[in-house]
Amino acid sequence: MTTDEYNLCVDQYADSLYRFVLKNLRDAERAKDIVQDTFEKLWTRADTVEFSKAKSYLFTAAYHTMIDILRKDSRQEFTDEMPNEMDTHNTHYSDLNEILHEAMNRLPEVQKAVILLRDYEGYSYEEIARITGLSESQVKVYIFRGRVFLKNYIGSLENVI
């Protein structure tokens, strides 16, 4: 990868990488640090990373760094369990975005990460599997379970409007 290609990667992917990490960590300073560390890793491996695979490399490196931080802080536990099915949102609000963010924050970290990669960043199941180190079928299961939880949490549109 050339210096120009690296700079193009920074221009093209820094914002989406930051949004991805920020949505998972909910800590702007840590998100900035992870993005900076990720681009530093890319720079040190620029001779071995192809420009065409730089986006995947960046998201994979950021994901693994983020998971390491979450494990270190022991804020969330990595489990296969679904969130409590009884968690629902029944009050009336007109801001669906606020409710969706609240619901996303209640998901286990792995489900949240795969949903963000799929629905916010547009990755395919195969790409998400490579980034997270999960199998493609695990990715599909986590996305399905997460979406079911989000649907149940938000409830009917009558509660939102």
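List of remarks:
- Filtered by the rule that a residue be free of Cβ contacts under 8 Å to residues at least 24 places away in the same chain and within 16 Å of residue 109 (Cα to Cα), segment 11-54 gives 22, 27, 31.
- With respect to the stated conditions, residue 28 is among the aliphatic types (A, V, I, L, M) and surrounded by fewer than 14 Cβ atoms within 10 Å (Cβ to Cβ).
- When residues of segment 90-108 are limited to those that are modelled with pLDDT under 85 and buried (at least 18 other Cβ atoms within 10 Å of the Cβ), the one farthest from residue 63 (Cα to Cα): 99
- Some residue of segment 19-38 being at pLDDT 85 or above and assigned to a loop (DSSP other than H, G, I, E, B): no
The values are calculated or read from the model by the stated rules, or taken from the named source; none is laboratory data. Not measured: the values here are computed from a predicted model. Neighbour counts run over all protein chains shown; Cβ positions are idealised from the backbone, glycine included.
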